[in-house]
Amino acid sequence: MKIMIVGGGGREHAIAWAVAKSPKCEKLYAAPGNAGIAELAECVDISVMDADSLVAFAKDKSVDFVIVAPDDPLAAGVADAFLDAGIKTFGPRKNAAIIEASKAFSKDLMKKYDIPSAAYETFTDADSAIKYLETQEAPYVLKADGLALGKGVLICQTLDEAKAGIQEIMVDKKFGDAGNKVVIEEFMTGREVSVLCFSDGKTILPMTSAQDHKRAGDGDTGLNTGGMGTFSPSPFYTDEIAKFCEENVYQRTIDAMAAEGREFKGVLFCGLMLTEKGPRVLEFNARFGDPEAQVVIPRLKNDIVEVMEACADGTLDKIDLQFEDNAAVCVMLASDGYPVSYKKGFEIKGLDAFKEKEGYFIFHSGTKFADGENGEKKVVTNGGRVLGVTALGSTLKEARANAYKATELIDFDNKYMRHDIGKAIDDEN
Ligand code: AMP
Ligand code: GLY
């Protein structure tokens, strides 16, 4: 089969690695891909949002199967464009990707179908939002309705901070139109777990659990980022919690979407908080997480192409989804200054050390090729999050030690990372 991946970050690199090793994959394309994906696929410089050019390219190359991985193109209907052109596609249509693209939609869905989540109110004007805040107690949770690169959630400790947050989101439009509506949510406490699920619209198969570290600094300090590292599985996601979520969250959500005429095919990412009152949904995403994919996919035993095709074909009930009985940790190597401001273009050294190194992976997030000496290409930093270093181990502790050892193999100017990815597991287990 000829397969094409739409996207160009670490998540897409992890997907590309799994797709490329499938016996079903004869030829792999990526749009736009990146310097790491280029080792596995032919990369074509088309924007993930340019549906017309993507479809034209796929037709020209007789692509049999397309995987649309990032949130923005899914929310904009890029999967629809492929499907409407008669090309088999993995990823939800726009009318289902709304479960991520509108927090107000997903909160209303959860309320209507009794899916456990925080209490909330939605506002379309700043004055009403502020009046409501005055009746609530700190901390205040404000969520811009639309997609905001994972940065549209503000947790405010004081009323003044919350009012300023409403001003930023709804009046100053810090996140653009994503802030036309705001959800104000009850503050919850507990451990967070990400559970990514394959779905064909009827059947839903949860993958192994993972946990992200979103803050930039050690000890969960500093600004929110796209994710500084992950581990899988989460020891806090017990069999009992899994059973509760299978009954009350995953299947119920897929059935709710179907009942609303919004058949969900692809990956449903359930961000959960394990509260004292039981698991609650923090958010849904309509795609693999990044960097959750970088720890979950290396542990998948199945042929990912078979599973993804079953999602598209509606035959997921025939799949026996299995994961290795091991653990994985991914440490993000970022550019110092991320997520605020940082320099790009530094040469990355040590990438070859990962070649053929069993149980170790280097997934490119923000890299590109540049001209080196003697006409050779070199790989340089091209983003805030640069590389994800993933290592497997028989336990989380071992995977963590392996991952941190492997980060030493890579060198570039302004290299920055957190030193406590998965640390809680050392303390508590
Ligand atoms: P979200 O994008 O909705 O997952 O929110 C980003 C982060 O904000 C989550 O990973 C949580 O750490 C935090 N958060 C979101 N909603 C709540 C809530 N209701 N109570 C406490 N923390 C929250
Ligand atoms: N790592 C969080 C996300 O992908 O949304």
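The values are calculated or read from the model by the stated rules, or taken from the named source; none is laboratory data. Because the structure is a prediction, the values reported are computed rather than measured. When we count neighbours, we look across all protein chains shown, and the Cβ atoms used for this are built from the backbone with ideal geometry, even at glycine.
So residue 173 passes all but one of these: (1) part of a helix (DSSP H, G or I); (2) over 23 Å from the mean Cα position of the chain (by Cα). Which condition number does it fail?
For residue 173, the failing item is (1).
What pairs come up if the first residue lies in segment 212-241 and is more than 10 Å from ligand 2 (Cβ to nearest atom), the second is of a type in the set (S, T, N, Q) and modelled with pLDDT under 95, and their beta carbons are under 9 Å apart, counting only those six or more places apart or on different chains?
215/221; 215/224; 215/225; 216/224; 216/225; 235/429
Restricting attention to segment 287-315, and to residues there that are under 19 Å from residue 79 (Cα atoms) and touching a Ser or Thr at 6+ places or on another chain (Cβ under 7 Å), which single residue is nearest to ligand 1 (Cβ to nearest atom)?
Among residues in segment 287-315 that are under 19 Å from residue 79 (Cα atoms) and touching a Ser or Thr at 6+ places or on another chain (Cβ under 7 Å), the one nearest to ligand 1 (Cβ to nearest atom) is 289.
Residue 145: of a type in the set (D, E, K, R) and within 16 Å of ligand 1 (Cβ to nearest atom), yes or no?
yes
Find the residue count for segment 301-333, including only residues that are surrounded by fewer than 18 Cβ atoms within 10 Å (Cβ to Cβ) and within 30 Å of residue 383 (Cα to Cα).
Matching residues across segment 301-333 total 0.
Is there any pair with a first residue in segment 288-302 that is over 16 Å from residue 266 (Cα atoms) and a second that is among the β-branched types (Val, Ile, Thr) and within 8 Å of ligand 2 (Cβ to nearest atom) whose Cβ atoms are under 8 Å apart and which are 6 or more apart or on different chains, and what are they?
That search, which allows pairs on different chains as well, returns 291/230; 294/230; 295/230.
Search segment 211-242 for residues being within 14 Å of ligand 1 (Cβ to nearest atom) and of a type in the set (D, E, K, R), and hand back the single one that is surrounded by the most Cβ atoms within 10 Å (Cβ to Cβ).
212
How many residues are within 13 Å of residue 346 (Cα to Cα), surrounded by 12 or more Cβ atoms within 10 Å (Cβ to Cβ) and not small (Gly, Ala, Ser) when one looks only at segment 364-376?
Final tally of qualifying residues: 3.
Suppose the filter is at pLDDT below 95, buried (at least 17 other Cβ atoms within 10 Å of the Cβ) and among the acidic types (Asp, Glu); does residue 145 pass it?
Considered against the rule, which asks whether it is at pLDDT below 95, buried (at least 17 other Cβ atoms within 10 Å of the Cβ) and among the acidic types (Asp, Glu), residue 145 comes out as yes.
Hey, could you check segment 275-286 for residues that are touching a Ser or Thr at 6+ places or on another chain (Cβ under 9 Å) and of a type outside the set (S, T, N, Q) and say which is farthest from ligand 2 (Cβ to nearest atom)?
276
Against the condition modelled with pLDDT under 95 and of a type in the set (A, V, I, L, M, F, W, C), how does residue 369 come out, does it pass?
Yes.
In segment 28-35, is there at least one residue being within 17 Å of the chain's Cα centre (by Cα), part of a loop (DSSP other than H, G, I, E, B) and among the aliphatic types (A, V, I, L, M)?
no
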